[in-house]
Amino acid sequence: MQIRVTVPGDPVGKGRPRFDKHGHAYTPDKTRDYEKTIALLYKASAQGYKFPRHVPVDVRIRAYFTIPASDSNRQRTRKLSGIIRPCKTPDTDNIAKAVLDSINKIAYEDDAQVVDIQVRKFYSDNPRVEILVQEAETKKEENDT
């Protein structure tokens, strides 16, 4: 089973926790709203399917960023072709954290099931985050025949 989700707009990473005047931690609004959007889009795509607890899961994330309007045509072409990749925030680990936190308990029973993950960053005229959740490939040990 493969579940594919496309989240429109520039990628948003997991924000650092904030603290209220009483010292209680909370998730920033931008992060919370983004995670809710991912969760809703995932639920619509998965149509109620959740990977069972015993199934190892592989998550692939492709984050596509807007090309700045100030870029020259040459820079733009190089970014669209993948010659130049975005070395900018949000970091890949924060993108992964936002995605994984948003689909935990929805895509799979426990986030410990995620055994493979890949996050890649690109430029595009169509900023978005593409998420693929699938059963991880398993290999037999060398001694197994």
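With respect to GLY23, is the statement that it is more than 20 Å from ARG120 (Cβ to Cβ) and buried (at least 17 other Cβ atoms within 10 Å of the Cβ) true?
Values: more than 20 Å from ARG120 (Cβ to Cβ): yes; buried (at least 17 other Cβ atoms within 10 Å of the Cβ): no.
Taking the combined requirement at face value, the residue does not satisfy it.
What are the residue pairs meeting all of these: first residue in region 61-89, first residue touching a residue at least 40 places away in the same chain (Cβ under 8 Å), second residue of a type in the set (A, V, I, L, M, F, W, C) and assigned to a loop (DSSP other than H, G, I, E, B), Cβ atoms under 9 Å, and 6 or more apart or on different chains?
LYS79/ILE67; LEU80/ILE67
Return the residues of region 28-62 that are assigned to a loop (DSSP other than H, G, I, E, B) and under 19 Å from ALA107 (Cβ atoms); say none if nothing qualifies.
Of region 28-62, the ones assigned to a loop (DSSP other than H, G, I, E, B) are 28, 47-50, 52-56.
Answer for region 28-62, where residues must be assigned to a loop (DSSP other than H, G, I, E, B) and under 19 Å from ALA107 (Cβ atoms): GLN47, GLY48, TYR49, LYS50, PRO52, ARG53, HIS54, VAL55, PRO56.
Do the conditions hold for VAL129, that is, is it buried (at least 20 other Cβ atoms within 10 Å of the Cβ) and either aliphatic (A, V, I, L, M) or in a loop (DSSP other than H, G, I, E, B) (or both)?
So VAL129 passes the test.
Could you please let me know if GLN2 is within 18 Å of the chain's Cα centre (by Cα), more than 19 Å from GLU130 (Cα to Cα) and in contact (Cβ under 8 Å) with a residue 12 or more places away in the chain? Working first, answer last.
Numbers: within 18 Å of the chain's Cα centre (by Cα): yes; more than 19 Å from GLU130 (Cα to Cα): no; in contact (Cβ under 8 Å) with a residue 12 or more places away in the chain: yes.
In short, no.
Hey, among LYS50, LYS140, LYS97, which residue is modelled with pLDDT of 95 or more and either loosely packed, with under 15 Cβ neighbours inside 10 Å or in contact with an Asp or Glu (Cβ under 9 Å, 6 or more places away or on another chain) (or both)? Talk me through it step by step, then tell me what you get.
On the way: LYS140 fails: modelled with pLDDT of 95 or more; LYS97 fails: either loosely packed, with under 15 Cβ neighbours inside 10 Å or in contact with an Asp or Glu (Cβ under 9 Å, 6 or more places away or on another chain) (or both).
The match here is LYS50.
Taking only region 63-94 into account, find how many residues are in a helix (DSSP H, G or I) and surrounded by 10 or more Cβ atoms within 10 Å (Cβ to Cβ).
9
For region 107-121, which residues satisfy the criterion of being closer than 23 Å to HIS54 by Cβ, surrounded by fewer than 17 Cβ atoms within 10 Å (Cβ to Cβ), touching a residue at least 24 places away in the same chain (Cβ under 8 Å) and not acidic (Asp, Glu)?
Within region 107-121, the first condition is being closer than 23 Å to HIS54 by Cβ, and the residues that meet it are 107-118.
Right, trim to surrounded by fewer than 17 Cβ atoms within 10 Å (Cβ to Cβ) and you get 109-112, 115-118.
Still in the list and also touching a residue at least 24 places away in the same chain (Cβ under 8 Å): 109-110, 115-118.
If the condition is that a residue be closer than 23 Å to HIS54 by Cβ, surrounded by fewer than 17 Cβ atoms within 10 Å (Cβ to Cβ), touching a residue at least 24 places away in the same chain (Cβ under 8 Å) and not acidic (Asp, Glu), then VAL115, ILE117, GLN118 are the ones that fit.
Quick one: in region 95-128, which of the residues that are among the aliphatic types (A, V, I, L, M) and under 9 Å from the mean Cα position of the chain (by Cα) is nearest to GLY82 (Cα to Cα)?
Kept after step one, since they are among the aliphatic types (A, V, I, L, M), are these residues of region 95-128: 95-96, 98-100, 103, 106-107, 112, 114-115, 117, 119.
If we keep only those that are under 9 Å from the mean Cα position of the chain (by Cα) too, we end up with 95-96, 98-100, 119.
Working: ILE95: 19, ALA96: 21, ALA98: 24, VAL99: 23, LEU100: 26, VAL119: 15 Å.
If we take residues in region 95-128 being among the aliphatic types (A, V, I, L, M) and under 9 Å from the mean Cα position of the chain (by Cα), then VAL119 is nearest to GLY82 (Cα to Cα).
The values are calculated or read from the model by the stated rules, or taken from the named source; none is laboratory data. Treat the numbers as computed from the prediction; the structure is a model and nothing was measured. All Cβ positions, glycine included, derive from the backbone under ideal geometry; neighbour counts span all protein chains shown.
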